Amino acid sequence: MANIDLTKYGITGTTEIVHNPSYEVLFEEETKASNEGYEVGQNTELDTVNVMTGVFTGRSPKDKYIVMDENSKDTVWWTTDAYKNDNHPMTEETWAVVKDLAKKELCNKKLYVVDAFCGANKDTRMAVRFIVEVAWQAHFVTNMFIKPSEEELKDFEPDFVVYNASKAKVENYKELAASLKTKGYTAISETDTEVVAHLIEDVYEGDFVEAVNKVLNRIEGSYSLAFMCQDYPDTLICTKKDNPLVIGLGEGENFIASDIPAIIAYTRRTYIMNDGEIAVVKKDSIWVTDRKGNPITKKVFEVNWNAEAAEKGGYEHFMLKEIHEQPKAVRDTISPRINKENTQVVLDELKWTKEYVENFNKIYIVACGTAYHAGLVGKYYIEKLARIPVEIDIASEFRYRDPIIDEHTLTIVISQSGETSDTLAALKESKRLGAKTLAITNVVGSSIAREADQVMYTWAGPEIAVASTKAYTTQLVTMFLFAMYVSGLKGTITTERTHELLTQLRLLPDEINRTLEDVEPIKTFAKNYAFNNDVFYIGRSLDYNVALEGSLKLKEISYIHAEAYAAGELKHGTLALIESGVPVIALATQKSVYEKTLSNIKEVKARDAVMIGIAAEDDNELEKYVDHVIKVPATDELLIPLLTVVPLQLLAYYAAITRGCDVDKPRNLAKSVTVE
């Protein structure tokens, strides 16, 4: 890490920042002398790279340092005359206040970073947080170490400190917090992780391992947790459920992290922890058991990746890594938004009423690219479930057609980065015309998130590859949750149907995992057909919307000409393009139009096309009419787009590999489109 002179910003004394060195790898890549065009990173005064420029456009840290202003409840970046920050313009007076607050809270203190936020020590829970900018929603780095000194360890309150390595979602933390409050525990934050710290203090009776087990019996949700106790100063206990956790094996030292990149500089020998396993970690020993105390013999996983590959978690490309991260991303987006009984969608970020919803007579969905395709599915969800008319428009067209908008309109904008220029402009135009606005984005504090009246975040985590994958699936989930929420308020859905759909929704992460298990047939298809000049996708209803996304994935990373058509439109001209040997991918999962889709497939097959079908696993009919079939787990037809898109993503990926394309950085494209 470069030595930064903080005194010129009014910060004096010792401020220790522990950080992940992967930032330096990124920085070096973006500042290579050989870079040309958009690859040239804009260097800033604080020895960082402007997020809007560089090889990793839209994904590199805007600055290593960030300040949260407790007064405005907003996030601001350090700015200079040379580097104007257009995301959050500040007056000189505001900047002076922020600096004074930072000096007051930070001078002569050490700062320990936990993921995107600090707060292991009571003294670092501050009104103004000065942190290494490693927010999961925008950047490479996914975790940090806590390493308090022995002196500081004595003053830690409470006796337990919990490091939440992977943004745990303790779903019942509010109930636990209420119970603990009656016993005199006072929370100093609103985080679910702090509840775990108070809970273990409450149940602790001298046996560290027993106390951890008691905590695990009471918390619900997904987590990676590490516990420290003053009575056992040489011991860490860690465990996980649904979130990643690894243990690094060293000589006279051992490490705990949420992912391998964090520890690769120290050791290449690791244990990959599984759900329900508990590890008691000391500097010279590691003891792993199941929840019942039965010992588990772990196999050592030897990491043979270099530093760059470590960022990819062992996958060849970021895109493949992100495809495989979809089960977790979907789970993280779902878990905090459904009650335990699967009978209600709970959106604390909205807190709407029936009267508020009934004021809307129209909804616009505005987006670009993959987000637009997610919006198409969202339109179907809202109209089907909530019975509100929805128009969807491409953001670059929206504001130029004089849309009919008033105070009874809701405009929903969708953007992974939250910085898409056309989408931001459409959002501002909607607000100017009087509409209420809702943003669906993956980046906390982004321009679109700040501009919109309200925000629903997709908890996808950092998406590095230009071709979007997990952002798309989490956008679908968010749109579905929104539609279910509104339909519940309006009373347009029965209790039984709500329970049925939410129960199926809970199962989706595991079903996506199953879809990812057998990729060999997809690799074979890619190898056989990747050098065709044209590929066509067809489907009806939601299948058509997914086909559009599948064709976009193929064309943007493999450079194959790919088009998606509504299957019923074939006879209106498209059949003229079908000739012998042309691959046609047909999605047939929508029962209401299944027979009509089969009829269209037969039409195409009669022209001697190579037919690849996508179907639910309980479908035994489609295989009679296609050359190959890829099956996904059976679920409700409203939710199956979240499964059928996965083999289409993989097909695009392996086709690009076969053709020797740069999967993560396709030609002529950037992650965040910040120009018109």
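The values are calculated or read from the model by the stated rules, or taken from the named source; none is laboratory data. Everything numeric here is computed off the predicted structure, so don't read it as measured data. Cβ placement follows ideal geometry from the backbone for every residue including glycine, while neighbour counts extend to all protein chains displayed. Just the protein is used for accessible areas: all its heavy atoms, side chains included, with ligands, DNA and RNA removed. Shrake-Rupley method; radii C 1.70, N 1.55, O 1.52, S 1.80 Å.
General observations
- Taking all protein chains as shown and a probe of 1.4 angstrom, D332 keeps an accessible surface of around 10 Å².
- Ranked from largest to smallest solvent-accessible area, with a 1.4 Å probe on the protein heavy atoms, D192, D207 come out as D207, D192.
- Only protein heavy atoms count here; on that basis, with a 1.4 Å probe, T267 has an accessible area of about 10 Å².
- Label zone at Q344 (point 7 Å along Cα-to-Cβ), backbone N below 18 Å, the stretch 464-490: 481-490
- Förster-model FRET efficiency, 35 Å R0, L669 and D627, C-beta, rounded to 0.05: 0.65
- With every protein chain in place and a 1.4 angstrom probe, the accessible-area ranking of K181, K490, largest first, reads K181, K490.
- Under 14 Å, Cβ to Cβ, from E358 - net charge with Lys/Arg +1 and Asp/Glu -1: +3
- Virtual paramagnetic centre 7 Å along Cα→Cβ of F531, amide N under 16 Å, in the stretch 640-657: 655-657
- Summed residue charge, Cβ within 11 Å of D234's Cβ, Lys/Arg positive, Asp/Glu negative: 0
- Of the residues E349, E579, the one with the largest accessible area comes first in the ranking E579, E349, computed with a 1.4 Å probe on protein heavy atoms.
- Principal semi-axes of the equivalent ellipsoid, √(5λ) from the alpha carbon gyration tensor of the stretch 405-556, are 31, 22, 15 Å from largest down.
- Among the listed pairs K174/K470; K379/K523; K351/K428; K571/K591, a Cα-Cα separation exceeding 25 Å is found for K174/K470; K379/K523.
- Projecting the alpha carbon convex hull of the stretch 514-661 along each direction and taking the average yields 7.6 nm².
- Each principal axis of the Cα cloud of the stretch 304-397 was taken in turn, and the coordinate range along them, longest first, works out to 58, 41, 20 Å.
- Calculated FRET value between D618 and H408, using beta carbons and R₀ = 51 Å, to 0.05: 0.75
- Note on H572 and K602: with the Förster distance fixed at 25 Å, the Cβ-Cβ geometry gives a FRET efficiency of about 0.90.
- V443 - accessible surface, heavy atoms, 1.4 Å probe, Å² rounded to 10: 20
- Its residue count N sets the reference 2.2 N^0.38 Å, and the alpha-carbon radius of gyration of the stretch 245-333 equals 1.17 times that reference.
- Here the gap between V209 and I394, fully extended at 0.36 nm per residue and compared with their Cα-Cα distance, gives a gain of 61.1 nm.
- Net charge, E391 excluded, C-beta distance under 10 Å - Lys, Arg +1, Asp, Glu -1: +1
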